[in-house]
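**Q** Can you read through this structure? Questions will come right after.
The values are calculated or read from the model by the stated rules, or taken from the named source; none is laboratory data. As the structure is a prediction and not an experimental result, all values here were calculated from the model. Heads up, the Cβs are rebuilt from the backbone with ideal geometry, glycines too, and the neighbour counts pull from every protein chain shown.
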Amino acid sequence: MAKQRREKWSSILLVVFLVIPAVIAVFPLAALTLASLKPSTELMRFGLNIYPQFELWSLNNYAYLFTDGSIYFRWFKNSIIISFFSTILALTFSSMVGYSLAMYRFRGQTIVLFLVLLIMMIPFEILMLPLFRMMIALGAVNTYTGVILPMIVHPLTIFFFRQFALGLPKDLMDAARIDGCTEYGIFFKIMVPLMKPAYGAMGILLALFSWNNFLWPLVVLRTTDMFTLPIGLAGLLSPYGNNYDVLIAGSVLTVLPIIIVFIFAQKYFISSLTAGAVKG
Amino acid sequence: MKPNSPPNLNRSPSSNLKMKRNGTKLKNIFYSQKVAPYVFVLPFLLIFTGFYLYPVVSTFIMSFQQVLPGQTEFIGLRNYERLFNPTFFRALYNTTLYTFWTIVILIPLPLLLAIILNSKVTKYKTFFRACIFIPALTSTIVAGVIFRLLFAESESAFGNSFIMFFGFDPVAWRQNAGTLMFLMVGLAAWRWMGVNMIYFLTGLQNIPKEMYEAAEIDGANTFNKFRHITLPFLKPVTVYVLTITLFAGYKMFEEAYVFWEVNSPGNIGLTLVGYLYKEGFQYNQLGFGSAVGVTLLIIVAILGLIQLRLTGVFGGKGDN
């Protein structure tokens, strides 16, 4: 009896204790959504108070995003294109490398693994200056290609696919070989379907990464019509600007799709994250 | 795959046969088990050479040069000598302080949250986990927009009305070095709390339950169990979280950029990567920018090695 009561009390206490960080986590997003419903001209100067002020609510800021003069959905489109292609390409190449590291024994294998580790250790920021010069030489400045190219090798993804492929049955490969399947046939027809969960988890991680990616697109993209969402929104942050309606409503619409996906695919988000932490 | 191409009618039968044999030979090599892994790895190697190896080498070379359009001059260590200036030291100081605070906050708190979420008696775990994780989905820019709205300078903004409730004077949050650091660290802590919590949670769930049961039979109390089972088992995860926090701290750029871009009063918001960006892209000092980059690489490498050494992962006391 006494123990039961103690457990009940401690469970209530823990919930109360968890409410605080949960509120701190969710409150700023709620505040942003609230801000997006209020007239935005003075918002950046006077800041956001937390009173709802229902009488001020309107969807005008959102309506403005859809007007002809607004470039917001151009940025949205750019972000979608860049995220889509960098995710697809990174998944394809990384899964090929991870798979061959796990399933084959070949000369130079350790070197490849070492190179993957090396990339993890080098901050990308250091490579920017020469990479940018290279993009000038390639004529890739201010293009989607310029943003995507350096993103298609992703060491953590390679690692994850290697770990995942190590758990796949090698007997299947021999059986397929006896049936006359080529090495590439084995990969595309048998192994790719088996690695679907890995594609799901890493796809989410890569898509989230490129959707929010900032520094490299900031360097490569030069004109407003090529900007991605983070670059475009950051450009509106100046205190003298008068585009706060786009900035605030646009920020909400940038996060909203991801939160919706997250609510339905929580498990995948979390397993994609823990990929790095679990030792293999 | 289909091995037969349509027969070439213009050639004599014998040469046609020879061609075909050569073709099959090449094809056999391409399809052999020995070559296939190289084909899989080839695109990676090309991209690695082009977009990683070459730029690293190039950064090192450029850091000894003065790079101007059309003419490049070798100037020895002069770029590195120029690093001894107050702006660079300010950037180094800001970055180091920021890294220090993110480590102080983003390890114990997520660990505590993970322990609570892992407890048997806690209720609504999935809900709380999701709530605390949600900030990780936002980009730093969106998070920065929110922080600037909440911590605007006016008295009516949330931040100031909050501290005024406790009797403090309103603060110009972005203008002072201390409060700006608070905003930057706060932004990082808000976005990363959930991620690190998930890491620790995974670590906790990997601890075999039998360990605790055995300890209970031996009469261990909660503190003993935590000290002698939970902490040692969490060591690999903690080292991982420490490493990524350290690296992310020294690479920091966006958390400062959202508040001041790269030009802040008295450089209170300048970071090492911000300095690299400013010199390299705004002033076109490619050589000097590269020297900043190489220095950053060296700092990160040294700190990484020290950290791994101290935590005993690497060349230490043979812990696992």
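**Q** Looking only at region B:41-64, decide whether some residue is surrounded by 15 or more Cβ atoms within 10 Å (Cβ to Cβ), facing chain A (nearest Cβ under 8 Å), touching a residue at least 24 places away in the same chain (Cβ under 8 Å) and hydrophobic (A, V, I, L, M, F, W, C).
**A** Checking region B:41-64: at least one residue is surrounded by 15 or more Cβ atoms within 10 Å (Cβ to Cβ), facing chain A (nearest Cβ under 8 Å), touching a residue at least 24 places away in the same chain (Cβ under 8 Å) and hydrophobic (A, V, I, L, M, F, W, C).
**Q** Has region B:234-242 got at least one residue that is crowded, with 18+ Cβ neighbours inside 10 Å, away from every other protein chain (no Cβ under 13 Å), of a type outside the set (Ser, Thr, Tyr) and under 30 Å from residue B:181 (Cα atoms)?
**A** There is no residue in region B:234-242 that is crowded, with 18+ Cβ neighbours inside 10 Å, away from every other protein chain (no Cβ under 13 Å), of a type outside the set (Ser, Thr, Tyr) and under 30 Å from residue B:181 (Cα atoms).
**Q** Kindly indicate whether residue A:73 is within 27 Å of the chain's Cα centre (by Cα), farther than 30 Å from residue A:183 by Cα, surrounded by fewer than 14 Cβ atoms within 10 Å (Cβ to Cβ) and not basic (Lys, Arg).
**A** Values: within 27 Å of the chain's Cα centre (by Cα): yes; farther than 30 Å from residue A:183 by Cα: yes; surrounded by fewer than 14 Cβ atoms within 10 Å (Cβ to Cβ): yes; not basic (Lys, Arg): yes.
For residue A:73, the condition - within 27 Å of the chain's Cα centre (by Cα), farther than 30 Å from residue A:183 by Cα, surrounded by fewer than 14 Cβ atoms within 10 Å (Cβ to Cβ) and not basic (Lys, Arg) - is met.
**Q** From the residues in region A:93-140 that are farther than 29 Å from residue B:301 by Cβ and in contact (Cβ under 8 Å) with a residue 60 or more places away in the chain, which one is surrounded by the fewest Cβ atoms within 10 Å (Cβ to Cβ)?
**A** A:140
**Q** Same structure again: Whether any residue in region B:292-315 is in a helix (DSSP H, G or I), at positive phi, modelled with pLDDT of 85 or more and of a type in the set (Gly, Ala, Ser) is what I want to check. Can you show your working first?
**A** In the first step, residues of region B:292-315 are kept if they are in a helix (DSSP H, G or I); the result is B:292-310.
The next check asks that each one be at positive phi; those that pass are none.
So far as region B:292-315 goes, no, none of its residues is in a helix (DSSP H, G or I), at positive phi, modelled with pLDDT of 85 or more and of a type in the set (Gly, Ala, Ser).
**Q** Among the residues of region A:232-251, is there at least one that is crowded, with 16+ Cβ neighbours inside 10 Å, more than 27 Å from residue A:31 (Cβ to Cβ) and of a type in the set (A, V, I, L, M)? Write out each step before concluding.
**A** Our first condition is that a residue be crowded, with 16+ Cβ neighbours inside 10 Å; within region A:232-251, this holds for A:232-237, A:243-251.
From what's left, more than 27 Å from residue A:31 (Cβ to Cβ): none.
Looking for residues that are crowded, with 16+ Cβ neighbours inside 10 Å, more than 27 Å from residue A:31 (Cβ to Cβ) and of a type in the set (A, V, I, L, M), one finds none in region A:232-251, hence no.
**Q** Also, quick follow-up: Please return the ranges of helices (runs of 4 or more DSSP H) entirely within region A:163-220 where 2 or more residues are modelled with pLDDT of 90 or more and within 10 Å of chain B (Cβ to nearest Cβ). Spell out how you get there, then give the answer.
**A** On the way: elements: A:171-178, A:196-212, A:215-220.
Result: A:196-212, A:215-220.
**Q** If residue B:134 satisfies every condition in (1) over 22 Å from the mean Cα position of the chain (by Cα); (2) more than 19 Å from residue B:285 (Cα to Cα) but one, which is the exception?
**A** Checking residue B:134 against (1) over 22 Å from the mean Cα position of the chain (by Cα); (2) more than 19 Å from residue B:285 (Cα to Cα), the one that fails is (1).
**Q** Determine which member of the set B:287, B:274, B:266, B:249 is out of contact with any Phe, Trp or Tyr (no Cβ under 7 Å at 6 or more places or on another chain) and surrounded by 24 or more Cβ atoms within 10 Å (Cβ to Cβ). Steps first, answer last, please.
**A** Working: B:274 fails: out of contact with any Phe, Trp or Tyr (no Cβ under 7 Å at 6 or more places or on another chain); B:266 fails: surrounded by 24 or more Cβ atoms within 10 Å (Cβ to Cβ); B:249 fails: out of contact with any Phe, Trp or Tyr (no Cβ under 7 Å at 6 or more places or on another chain).
Exactly one of B:287, B:274, B:266, B:249 is out of contact with any Phe, Trp or Tyr (no Cβ under 7 Å at 6 or more places or on another chain) and surrounded by 24 or more Cβ atoms within 10 Å (Cβ to Cβ), namely B:287.
**Q** Something else about it: Would you confirm whether any residue within region B:261-276 is of a type in the set (Val, Ile, Thr), more than 26 Å from residue A:122 (Cα to Cα), more than 16 Å from the chain's Cα centre (by Cα) and part of a helix (DSSP H, G or I)?
**A** As a first pass, look at region B:261-276 and keep what is of a type in the set (Val, Ile, Thr): B:262, B:268, B:271, B:273.
Those left that are additionally more than 26 Å from residue A:122 (Cα to Cα): B:268.
Restricting the remaining residues to those that are more than 16 Å from the chain's Cα centre (by Cα) gives B:268.
Subsequent filtering for residues that are part of a helix (DSSP H, G or I) retains none.
Looking for residues that are of a type in the set (Val, Ile, Thr), more than 26 Å from residue A:122 (Cα to Cα), more than 16 Å from the chain's Cα centre (by Cα) and part of a helix (DSSP H, G or I), one finds none in region B:261-276, hence no.
**Q** Report yes if residue B:191 is surrounded by 17 or more Cβ atoms within 10 Å (Cβ to Cβ) and assigned to a loop (DSSP other than H, G, I, E, B), otherwise no.
**A** Details: surrounded by 17 or more Cβ atoms within 10 Å (Cβ to Cβ): yes; assigned to a loop (DSSP other than H, G, I, E, B): no.
In short, no.
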